[in-house]
1. If you roll a 1.4 angstrom probe over the protein chains with everything in place, what fraction of the accessible area of region 305-357 belongs to carbon and sulfur, to the nearest %?
2. Students often check this: by mean Cβ neighbours within 10 Å, which of 341-353, 29-41, 300-312 ranks highest, and how do the rest follow?
3. For G116, what charge total do you get from the other residues with a beta carbon under 10 Å from its beta carbon, if Lys and Arg give +1 and Asp and Glu give -1?
4. Using Stokes-Einstein with the Kirkwood hydrodynamic radius over Cα pairs, what translational diffusion coefficient do you get for region 284-343 at 37 °C and a viscosity of 0.692 mPa s, in µm²/s rounded to a whole number?
5. Alpha carbon centre of region 160-231 versus region 355-413: separation in Å?
6. Running a GNM on the chain with Cα contacts under 10 Å, which residue among R246, R114, R235 ends up with the highest mean-square fluctuation?
7. At a threshold of 8 angstrom on Cα-Cα distance, excluding pairs fewer than six apart, so keeping six or more, what relative contact order does the chain reach in percent?
8. What size of dipole, in debye to the nearest 20, comes out for the chain about its Cα centre when the only charges are +1 on Lys and Arg C-beta atoms and -1 on Asp and Glu C-beta atoms?
Amino acid sequence: MTTESRTADGPRDPPLAGVQVLDAATLFAGPMAATILADYGADVVKIEHPRRGDPVRDHGPGKDGVGLWWTVLGRNKHTVGLALNTPEGAEIMRRLAAGADVLVENFRPGTLERWGLGPEILMALNPRLVVARVTGFGQFGPYASRPGFGTLAEAMSGFAAITGTPEGPPTLPPFGLADGIAALAAAQAVMTALYERDTRSGRGQIVDLAIIEPILSILGPQPIVYDQLGIVQERTGNRSVNNAPRNTYRCRDGKWVAVSTSAHSVAERVMRLVGHPEVVGRPWFTLGVRRAAHADELDGYVAAWIAERDLPDVMAAFEAAEAAAAPIHDIADVFADPQYQALDTVTTVEDPVLGPVRMQNLLYRLSRTPGRIAWTGRPHGADTYRVLGERAGLGAAELDRLAEAGVIAGEKP
């Protein structure tokens with residue numbers, strides 16, 4: 001099945017219906033931002049190199065010749081194979097941009113300009129166009145021309161420096177964390193620009209988003225703490241510098257559980273639950289940062305109590321005590337978790353090759369105009385002829401000629 005845009009009043013158009021988006025980005029932040037827009041009804045045309053396609057098609061595991069990450073990231077998008085680096089391809093892109101609301105791109109600064117597709121040219125043709133430029137380091141500065149990936153942002157932002165154990169090396173995440181954060185930021189930036197356009201100026205604008213910045217913005221108060229106190233946050237493993245106990249703990253059955261005590265009242269409940277109410281009355285217990293200074297003691301009490309019990313018993317006791325804990329899930333556990341099942345967080349979508357597939361559902365639920373997953377990632381160039389015929393005004397003979405010349409690629413209708 002697919003998720004449907006339906007409310008108690010019946011089917012409704014998704015909230016971004018009618019918004020036309022050109023996704024000319026690759027790996028991963030830009031395309032993911034476009035996927036978010038597509039999930040909520042934007043009409044997204046994915047522009048790919050006619051021969052290579054988006055590298056995500058071959059990134060990671062695949063099945064029956066289908067890239068599984070592309071199946072998710074390409075959902076709800078029309079696919080067009082178009083060589084932007086050719087004069088004819090650039091002219092076609094200008095025609096598409098003339099009727100679009102948004103262009104998402106992640107070429108190195110100066111690349112689009114070199115092809116005659118810079119924002120100034122496109123926005124002269126279409127003053128309402130929003131151009132989202134998602135690059136590693138932004139459009140200016142000494143690093144602007146460098147190739148940029150999320151891994152570099154995770155390193156440069158300070159994230160890796162505070163991740164891992166004190167005695168171990170800085171640790172990078174095993175997935176595209178910085179790219180994902182940048183995608184969320186880019187989608188929000190596009191919506192901000194569209195809102196301003198449609199409610200105030202009537203004109204589009206350029207979004208300049210450097211992947212190194214959104215991840216830094218969510219790393220807490222580190223900049224102001226360093227500015228005002230000269231403190232550089234260090235690696236503390238799973239512990240927090242702001243409260244304790246906060247860690248992961250091994251249960252008797254070998255399962256793991258995470259405990260958080262960000263609120264003082266929760267910290268009290270945890271310590272009473274594990275049989276050490278005496279620490280609650282100590283002067284240092286009243287403030288999270290002071291509790292963090294006694295993390296060895298508090299962790300010892302909590303770890304010993306949890307180690308004597310199986311995970312189900314631990315979770316039941318924490319729930320009864322209204323204390324905050326969660327099991328450490330792998331993806332198999334996520335599939336089986338009743339809360340995720342209730343939310344339909346991992347939903348089922350029909351794929352024409354793979355059949356029913358499970359993937360992440362929409363990011364959030366809207367009560368009146370929800371989004372939907374209408375289809376999974378489509379084959380390379382599946383929509384080239386139709387889209388370029390409808391939106392660029394190209395006839396069948398011209399499309400055949402461009403395909404023969406390698407300017408476009410796609411399935412003939």
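The values are calculated or read from the model by the stated rules, or taken from the named source; none is laboratory data. Just so it is clear, the model here is predicted, and its values are computed rather than measured. Heads up, the Cβs are rebuilt from the backbone with ideal geometry, glycines too, and the neighbour counts pull from every protein chain shown. Surface accessibility is based on the protein's heavy atoms, side chains included, excluding ligands, DNA and RNA. Shrake-Rupley method; radii C 1.70, N 1.55, O 1.52, S 1.80 Å.
1. Details: 1790 of 3080 Å².
Carbon with sulfur: 58 percent of the solvent-accessible area.
2. Details: 341-353: 13.7, 29-41: 26.7, 300-312: 15.9.
Ranking, from highest mean packing down: 29-41, 300-312, 341-353.
3. Details: positive: R94, R114; negative: E91, E113.
Counting the neighbours of G116, the net charge comes to 0.
4. On the way: Rh = 13.7 Å.
Translational diffusion coefficient: 239 µm²/s.
5. 30
6. With Cα springs under 10 Å in the chain, the top fluctuation among R246, R114, R235 is at R114.
7. Values: 775 pairs, mean separation 90.2, N = 413.
Contact order relative to length: 22 percent.
8. Values: 40 positive and 48 negative charges, 101 e Å.
Here the chain has a charge dipole of around 480 debye.
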